[in-house]
Amino acid sequence: MSVLALSSDDKARTEQALADWELKNINLGYGLTAEQAQAWGLHRSAGRGLTSIGIEEPAEFSEPGLFLVRPDNTLYWAQISTMPFARPLFREVLGAVNFVVEKDYPARGELV
């Protein structure tokens, strides 16, 4: 499995997050445009100043989304939020991925 975290933040803010959060062994991209966020179904928000932990929000940004994409580039799972909190716990996501691989569990929500 490969992991890519992608943000609408600029390069400087992304590099600061990497340093502050001591992220290692993760690919962190930046510069996601409003059009790209919309194509992924992400919600956009206007910044509201300082967050509860003292970080200045950008003037405009994408709310979080988590996507598991198969090697053939088709979507397996999507988790899209309208809020910047109550995100999935990665320990639980990894447990779910292990279950999916072990059981050859099919994608759900495939009926159109």
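Within segment 20-33, is there a residue that is within 16 Å of Leu4 (Cα to Cα), of a type outside the set (A, V, I, L, M, F, W, C), assigned to a loop (DSSP other than H, G, I, E, B) and at pLDDT below 85?
Among the residues of segment 20-33, at least one is within 16 Å of Leu4 (Cα to Cα), of a type outside the set (A, V, I, L, M, F, W, C), assigned to a loop (DSSP other than H, G, I, E, B) and at pLDDT below 85, which makes the answer yes.
What's the total number of residues in segment 59-112 that are more than 22 Å from Ser7 (Cα to Cα) and not acidic (Asp, Glu)?
Selection size over segment 59-112: 15.
Pairs please, first residue from segment 49-67 and closer than 24 Å to Gln38 by Cβ, second anywhere and among the hydroxyl-bearing types (Ser, Thr, Tyr) and not in a strand (DSSP E or B), Cβ atoms under 7 Å, 6+ apart in sequence or on different chains.
Within 7 Å, the pairs are Glu57/Thr51; Phe61/Ser8; Ser62/Ser8; Glu63/Ser81; Glu63/Thr82; Pro64/Ser81; Gly65/Ser81.
If I go through segment 57-95 residue by residue, how many of them are at pLDDT 85 or above, surrounded by 11 or more Cβ atoms within 10 Å (Cβ to Cβ), more than 24 Å from Ala107 (Cβ to Cβ) and in contact with a strand residue (DSSP E or B) (Cβ under 9 Å, 6 or more places away or on another chain)?
Total meeting the criteria: 3.
Only strands (runs of 3 or more DSSP E) wholly contained in segment 57-112 count here; list those with 1 or more residues that are farther than 15 Å from Ser8 by Cα and of a type in the set (A, V, I, L, M).
By residue number, 65-69, 75-80.
The values are calculated or read from the model by the stated rules, or taken from the named source; none is laboratory data. What you are looking at is a predicted structure, and each value in this text was computed from that prediction instead of being measured. Positions of Cβ are backbone-derived with ideal geometry, glycine not excepted, and every protein chain shown enters the neighbour counts.
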